[in-house]
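First up is the structure itself, then whatever we jot down about it.
Throughout, read-outs are computed from the coordinates displayed, never taken from laboratory work. The shown structure was predicted, so the numbers you read here are calculated from the model rather than taken from an experiment. Cβ placement follows ideal geometry from the backbone for every residue including glycine, while neighbour counts extend to all protein chains displayed.
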Ligand code: PMP
């Protein structure tokens with residue numbers, strides 16, 4: 001990933017993009033005391049300025065995570081201000097409308113030195129940015145997922161429900177293995193029953209059967225995605241029935257359609273899921289629920305339709 005060189009925001013001000021200094025005994029380096037967020041700024045299709053999608057939701061999720069990770073969090077206003085300043089400092093990196101976005105990465109880390117296991121005595125909140133295109137090499141084309149039985153990304157009582165940096169270390173190996181076999185990503189099962197679908201490495205899961213949309217409910221082991229929440233709302237507004245429930249591997253046999261949601265992946269259709277050597281195939285293409293929801297979401301995010309739900313923050 002090519003990072004922007006024009007600026008990042010920390011300690012209440014903008015800095016020139018560059019390395020940061022940390023003590024070797026910083027809490028984040030030794031005990032993984034860190035959180036991140038991810039959001040995108042789009043260039044407005046007509047006229048000047050940029051659009052952010054629901055940044056207050058990212059701020060609130062960071063606050064929930066900060067409590068779990070024993071850190072003080074920025075307020076919603078501090079968070080949004082830092083994000084806006086970072087976008088403005090990097091505006092020349094924002095791709096033209098329809099050609100990508102500026103991905104914004106807020107971080108909250110235990111930066112103070114601590115040798116014994118305890119929360120760090122000091123914290124750093126910083127925001128940086130990088131221009132991005134599509135997340136999967138397939139672009140917005142359908143992806144193929146592999147169900148992983150041996151690796152779990154989260155366990156009950158752990159930190160799966162918050163966006164802590166430590167949740168991503170357990171998935172690296174499984175993701176690399178799946179990619180080397182030609183899969184786009186891994187789909188994780190719950191660690192107790194090894195039967196219920198949770199999410200992929202960086203996105204939430206939805207299945208469609210007979211026009212009814214279902215998604216695993218977030219019970220502490222699944223990240224409550226902001227795209228997930230928005231898609232549930234958009235789908236209901238468009239007359240679909242949406243059920244948040246336990247979704248099992250048996251449901252995969254029955255599903256007509258499967259898709260993933262996330263800031264990076266947006267709404268990505270899934271053409272197949274492989275489980276214990278069996279490949280389940282799903283409907284993709286123009287006439288699918290995921291395509292309709294993709295259009296509904298991205299037309300709001302890119303400012304192509306009126307923002308009736310108040311989800312957009314304008315930056316000029
Ligand atoms: N699950 C995981 C594990 C993720 O990392 C992400 C990306 N933040 C998501 C789901 C999707 O969340 P969001 O829609 O807020 O990007």
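Considering region 8-132 at the alpha-carbon level, its Rg and Dmax are found to be 15.4, 54 Å.
The reciprocal of the average 1/r between distinct C-alpha atoms defines the Kirkwood hydrodynamic radius, which for region 129-190 equals 13.1 Å.
GNM, the chain, Cα, under 10 Å: largest mean-square fluctuation among 301, 78, 276? Evaluated over the chain, the most mobile residue of the options is 276.
Packing-based ranking of 282-288, 50-56 yields 50-56, 282-288, ordered from highest to lowest mean Cβ neighbour count within 10 Å. Label region 245-316 by shape, choosing from rounded, prolate and oblate, from the square roots a ≥ b ≥ c of the eigenvalues of the Cα gyration tensor; if a/c is under 1.5 it is rounded, and otherwise prolate applies when a/b is larger than b/c, oblate when it is not. It comes out prolate by the Cα gyration axes. Simple spin-label estimate for residue 283 and residue 13 gives 5.8 nm between the two label positions (7 Å along the Cα-to-Cβ direction from each Cα).
Mean sequence separation of contacting Cα pairs (under 8 Å, at least six apart), scaled by the length of the chain, corresponds to a relative contact order of 19 percent.
A Cα-only calculation for the chain places Rg and Dmax at 19.5, 57 Å.
Calculation over all alpha carbon pairs of region 169-316 in 10 angstrom steps from 0 returns a P(r) of 10, 41, 34, 13, 2, 0 percent. Relative intensity of region 20-80 on a log10 scale, I(q)/I(0) at q = 0.17 Å⁻¹, equals -0.71, per a Debye sum over C-alpha point scatterers of equal strength in the absence of solvent.
Given an 8 Å cut-off on Cα distances and at least 6 residues of separation, report the relative contact order of region 1-152 as a percent.
After rounding, I find 32 percent.
The stretch between residue 68 and residue 308, if pulled fully straight at 0.36 nm per residue, gains 83.0 nm over its current Cα-Cα span. Considering all different alpha carbon pairs of region 75-165, the Kirkwood hydrodynamic radius works out to 16.9 Å. Ordering 213-225, 109-121 by mean Cβ neighbour count within 10 Å, with the highest value first, yields 213-225, 109-121. Within the chain, DSSP assigns beta bridges of which about 80% are antiparallel (rounded to the nearest 5). Multiplying the residue separation of residue 181 and residue 245 by 0.36 nm and removing their Cα-Cα distance gives an extension gain of 20.0 nm. Can you tell which of 91, 40, 13 shows the greatest fluctuation in a Gaussian network model of the chain with Cα springs below 10 Å? Looking only at 91, 40, 13, the biggest GNM fluctuation is shown by 13.
Among 258, 94, 192, the residue with the largest mean-square fluctuation in a Gaussian network model of the chain, with springs joining Cα atoms closer than 10 Å, is 192. Ranked for footprinting exposure by Cβ neighbours inside 10 Å, fewest first, 176, 302 give 176, 302.
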